Amino acid sequence: MPTMQPSRSRISQEAGLPPRPRTPVRGWFRSEHDHGKRSSKLIAFFLVCAMVLVARLVDLQVIQAKQLSALAKAEHLSSVVVPAQRGQIYDSQGNLLVGDTTVYDVFADPALVPAHDRVSTARSIAKVLGISPSSIEHQLALPLQFAYLAKGVSVTTKDKLESLNINGLGVLPREEQTYVNSPIKGTTFAANLLGFVNANGQGQYGLEQYYNSILKGTPGRESAFTDLQGNPIMLSSLKNVAPNNGTNLKLGLDSTIQYWAEVDLMKGIQFAHAQSGMVLVMDTHSGSIKAWAEEPTYNANQYATTPESAFKDIAISNLYEPGSIMKVVTFAGGLNTNAITPGYTFNEGPVTIEGQTIHDWDNKAHGWITMQKVLDMSLNDGAIKVGQLMGDNAFYDNLANFGIGSPTGIDLAGEVHAPLPPQSTWSPLRYAEATFGQSVVATPVEMLAALNAVANGGVWVQPHVVDQFINPNTGAKKNFVPITRRVISAQADATLRTMMTGVIANSDGEGFDARIPGWVGYEAGKTGTASVAVNGVYSNSLVIVSFGGFIPAANPRFTMLVVLNYPNVPSSEAYGSLLAAPVWKQLSEVIINQWHLTP
């Protein structure tokens, strides 16, 4: 009997295996219905993923493109500013007034300073630089390849930094402005005129600020791409921009005259025990400034530790009542309108206007005298007579023509002015006081320009410091062209210049202390003593004294104004004739010798 073969099912059962299903299994899908559901879910999943990816690409490539590009450049592009050389400043003889000293800007590559070394590295660098370690540590933590740590350090500091041997620390040399010493201890030469350049390369005050835009030039830039380790991999000429150096300036300043102006001014201030003062000298015909000395002044090399008040240029920023030197302007108008002549005679004495009696400085009535005597003796009541003979309208217009109440346009930063009040507001008393320089204000440079108009044949000329602008690349020169205008006739002006010689030469002239041996009759001048109002009341105990004039009288080469503010001497000595005229004389003698002038 044949042996029976066990079925697969039975074998499976005996082997403990599950029986084979009768219907084949179709993957993991249990039915056609289940298959559709699962396919939809899978497709939806992939669609969502695709949408997320597309949104992310749009965000990265469109929305954040600029920001990410900038970050990438910050990681791989080191950009170094190449400073332009600041324009040079020369005196009238071509001598350099502002020297160059090499200083160093300190920088670091933060990527080359490991994070665990930042604190110790910052402390080492800060100790040499004398600044806070936290500021250095902050710079070293920046995600950049280049960061400035300090600017303008000395060669000694540079050597100390290099001795630290810190990886990623470096210096960039550049030239910094250095100002030469003045003959006055603790100050620099012509500081109020020149101004200074601060640590950021910006001109401050004086000439440096006024011409900063053309002196500083335009800096260049060098760019280098780097790898992740900071190694340069490309220097692109397309990214490099060469610096454009600043314009050179040639001034009218005569360094010899400036030197002695500073010396003589200081002597005059010490003698008068004055609070402040100035000596201003300009070329009569061109308006070019030849000397500009002031006290107080300062050391431009130490501007960072100097009180800001010391930087003020009182010649262009102080308004004052000029006093009797204004009589030059009054007489110019009287002669120009033919209201007076030098020989015009009248009975001179105290004048009462609006209840106020005005006296001369000597409190005397001088009787029948000429207009020449009025100018010689600087008589207030006589000046009032000139104004009355001119008439109010002509007098007011004459002040404006001479630039009183208007800026001169001098090329120095900080010039101020006080416009003449509308003529409709002027009272008879104000007209009277203005004839001798009270109740009207001006800056010293306004008065210098007005006085110079008489010296210059009746033509007002704009005072200016720069004579030439010099292109540093080509050497091409461009001259400064001053504004000019005629203010009185040549005939009236010639008469006034002759009258002004009498102020010094005549026996009763108040300018006797300005007499120079061999030049008597050839030097023209005018004294000024102005009372200063305190709470609206004038007092003889607080005055500003001055003396202005020009040489040679017939064809002047220079015009000079000396002003001493608030001298502390007995009231009987507080006059321009006694305090300011000697300073004018001393410096005039220097100029005569230096320029080889003859009568």
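Could you say whether any residue in the stretch 267-276 is farther than 18 Å from TRP584 by Cβ and not aliphatic (A, V, I, L, M)?
Taking the stretch 267-276 as the starting set, the residues that turn out to be farther than 18 Å from TRP584 by Cβ are 273, 275.
Then keep just the ones that are not aliphatic (A, V, I, L, M); that gives 273, 275.
Yes, that holds for at least one residue.
Take the stretch 384-427 and flag every residue that is within 33 Å of the chain's Cα centre (by Cα), farther than 25 Å from MET371 by Cα and of a type in the set (S, T, N, Q).
Within the stretch 384-427, SER406, THR408 qualify.
Output the number of the condition that SER134 fails; it satisfies all remaining conditions of (1) at positive phi; (2) free of Cβ contacts under 8 Å to residues at least 24 places away in the same chain.
(1) is the only condition that SER134 fails.
Which numbered condition trips up VAL520, out of (1) among the hydrophobic types (A, V, I, L, M, F, W, C); (2) more than 24 Å from THR435 (Cβ to Cβ); (3) out of contact with any helix residue (DSSP H, G or I) (no Cβ under 6 Å at 6 or more places or on another chain)?
(3) is the only condition that VAL520 fails.
Quick test of your reading of the structure: VAL569 fulfils all but one of (1) touching a residue at least 40 places away in the same chain (Cβ under 8 Å); (2) outside any loop (DSSP other than H, G, I, E, B); (3) over 22 Å from THR284 (Cα atoms). Name the failing condition by number.
Exception for VAL569: condition (2).
For the stretch 466-476, indicate whether the set of residues that are closer than 24 Å to ARG557 by Cβ and touching a Pro at 6+ places or on another chain (Cβ under 9 Å) is non-empty.
Looking through the stretch 466-476, none of the residues is closer than 24 Å to ARG557 by Cβ and touching a Pro at 6+ places or on another chain (Cβ under 9 Å).
So for the stretch 315-330 (the condition being buried (at least 17 other Cβ atoms within 10 Å of the Cβ) and among the aromatic types (Phe, Trp, Tyr)), does at least one residue qualify?
Looking through the stretch 315-330, at least one residue is buried (at least 17 other Cβ atoms within 10 Å of the Cβ) and among the aromatic types (Phe, Trp, Tyr).
Quick one: is SER124 among the small types (Gly, Ala, Ser), within 16 Å of ASP109 (Cα to Cα) and either at pLDDT 90 or above or loosely packed, with under 13 Cβ neighbours inside 10 Å (or both)?
On the way: among the small types (Gly, Ala, Ser): yes; within 16 Å of ASP109 (Cα to Cα): yes; either at pLDDT 90 or above or loosely packed, with under 13 Cβ neighbours inside 10 Å (or both): yes.
Considered against the rule, which asks whether it is among the small types (Gly, Ala, Ser), within 16 Å of ASP109 (Cα to Cα) and either at pLDDT 90 or above or loosely packed, with under 13 Cβ neighbours inside 10 Å (or both), SER124 comes out as yes.
Tell me, yes or no, whether the stretch 166-178 has at least one residue that is within 12 Å of VAL113 (Cβ to Cβ), without any contact (Cβ under 8 Å) to a residue 60 or more places away in the chain and more than 32 Å from the chain's Cα centre (by Cα).
Yes; the residues of the stretch 166-178 include at least one that is within 12 Å of VAL113 (Cβ to Cβ), without any contact (Cβ under 8 Å) to a residue 60 or more places away in the chain and more than 32 Å from the chain's Cα centre (by Cα).
Pull out all pairs, ordered by first then second residue, where Cβ-Cβ is under 7 Å, the residues are six or more apart or on different chains, the first lies in the stretch 582-599 and is at pLDDT below 95, and the second is surrounded by 14 or more Cβ atoms within 10 Å (Cβ to Cβ) and in a loop (DSSP other than H, G, I, E, B).
These pairs meet every condition: PRO599/TRP519; PRO599/TYR522; PRO599/PRO552.
Would you check if there is a residue in the stretch 560-574 being under 25 Å from ILE340 (Cα atoms) and either among the hydroxyl-bearing types (Ser, Thr, Tyr) or in contact with a helix residue (DSSP H, G or I) (Cβ under 7 Å, 6 or more places away or on another chain) (or both)? If you could, list the steps in order and put the result at the bottom.
Residues of the stretch 560-574 that are under 25 Å from ILE340 (Cα atoms), as a first pass: none.
No.
For the stretch 362-431, which helices (runs of 4 or more DSSP H) that fit wholly inside it have 2 or more residues that are touching a Leu at 6+ places or on another chain (Cβ under 7 Å) and surrounded by 14 or more Cβ atoms within 10 Å (Cβ to Cβ)? If you could, list the steps in order and put the result at the bottom.
Numbers: elements: 371-377, 380-390, 392-401.
Output list reads 392-401.
Exactly one of (1) in a strand (DSSP E or B); (2) surrounded by 14 or more Cβ atoms within 10 Å (Cβ to Cβ) is unmet by ASN347. Its number?
Status for ASN347: all satisfied but (2).
With a cut-off of at least 1 residues that are polar (S, T, N, Q), name the strands (runs of 3 or more DSSP E) lying wholly within the stretch 454-541.
In the stretch 454-541, 466-470, 477-479, 484-486, 524-534 are the strands (runs of 3 or more DSSP E) which contain 1 or more residues that are polar (S, T, N, Q).
Can you name the residue in the stretch 430-477 that is over 23 Å from the mean Cα position of the chain (by Cα) and of a type in the set (S, T, N, Q) and is also nearest to THR408 (Cα to Cα) among such residues?
Only one residue tops the list, namely ASN452.
Looking only at residues that are small (Gly, Ala, Ser) and at pLDDT below 75 in the stretch 203-256, which one is nearest to the chain's Cα centre (by Cα)?
Let us first name the residues in the stretch 203-256 that are small (Gly, Ala, Ser), namely 203, 206, 213, 217, 220, 223-224, 230, 236-237, 242, 246, 252, 255.
Now narrow it down to the ones that are at pLDDT below 75: 223-224, 230, 236-237.
Details: SER223: 33, ALA224: 36, GLY230: 41, SER236: 38, SER237: 36 Å.
Step by step, filter the stretch 203-256, then rank; the result is SER223.
Scanning the stretch 135-146 for residues that are under 34 Å from the mean Cα position of the chain (by Cα) and buried (at least 18 other Cβ atoms within 10 Å of the Cβ), which turns out modelled with the lowest pLDDT? So that I can check it myself, show each step before the final result.
First, the residues of the stretch 135-146 that are under 34 Å from the mean Cα position of the chain (by Cα): 135-136, 138-139, 146.
Okay, now just the ones that are also buried (at least 18 other Cβ atoms within 10 Å of the Cβ), so 136, 139, 146.
Values: ILE136: 88, GLN139: 85, PHE146: 82.
That would be PHE146.
Where residues in the stretch 450-466 are farther than 17 Å from ASP397 by Cα and small (Gly, Ala, Ser), which of them is surrounded by the fewest Cβ atoms within 10 Å (Cβ to Cβ)? Reasoning before the result, please.
From the stretch 450-466, those farther than 17 Å from ASP397 by Cα are 452, 455-457, 461-466; that's our starting set.
Imposing the further condition that a residue be small (Gly, Ala, Ser) reduces the set to 455, 457.
On the way: ALA455: 29, GLY457: 17.
Per the stated criteria, the residue is GLY457.
Consider only pairs whose beta carbons are under 6 Å apart and that are at least six residues apart or on different chains; among these, list those whose first residue lies in the stretch 202-221 and is more than 22 Å from ASN473 (Cα to Cα) and whose second residue is aromatic (Phe, Trp, Tyr).
GLN204/PHE196; TYR205/PHE311
Which condition number does LYS526 fail, the rest of (1) of a type outside the set (A, V, I, L, M, F, W, C); (2) surrounded by fewer than 22 Cβ atoms within 10 Å (Cβ to Cβ); (3) at pLDDT 95 or above being met?
(2)
The values are calculated or read from the model by the stated rules, or taken from the named source; none is laboratory data. This structure is a prediction, so every number in the text was calculated from the model and none was measured. Neighbour counts are summed over all protein chains in view; Cβ atoms, including those assigned to glycine, are modelled from backbone coordinates with ideal geometry.
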